[in-house]
Ligand code: AMP
């Protein structure tokens, strides 16, 4: 809805108003163009390994380890940085799904890594909340 309004209104807004709208609606602004929303809706194909009413999990297109799965909320949430108390359940489901998929992938016993890159400095490149489930090899240290 916001994305639709943005596409219709943006061309008519003077630059200062466009910037103001962008800063106010930052966390919703790119929803209509969000690649992960399109994977949830089926508009874009992905190697989906799990899906329920709350979350979708699919293999990363550029895996960094034998197992590299992204777990995302079906509803658009920008990042860990925009989570609120109302998102407590979905935040828990992301981690629980990571644990279940680690078992399904056979990496639970030896260990795995769960990462949520957040914001530009955190290395986030897709602004739809996701956790990376990475495993199947010994992880390198240090991070960062
Ligand atoms: P991040 O850098 O933490 O935002 O992670 C985004 C991840 O999404 C990267 O590891 C990408 O390889 C992955 N990615 C981007 N587009 C797709 C896609 N269409 N299907 C699967 N993984 C994707």
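Full extension of the chain between residue 139 and residue 47 gives 30.8 nm of extra length, using 0.36 nm per residue less the Cα-Cα distance. With distances taken between every two different alpha-carbon atoms, the range 47-135 has a Kirkwood hydrodynamic radius of 13.1 Å. With neighbours defined as other Cβ atoms within 10 Å of a residue's Cβ, the residues 90, 44, 69 order from fewest to most as 44, 90, 69.
Values quoted throughout were computed directly from the atomic coordinates according to the rules given, and no laboratory measurement underlies them. Every value quoted in this text rests on a predicted model; they were computed, and no experiment measured them. Positions of Cβ are generated from backbone atoms using ideal geometry, with glycine treated the same way; all protein chains shown enter the neighbour counts.
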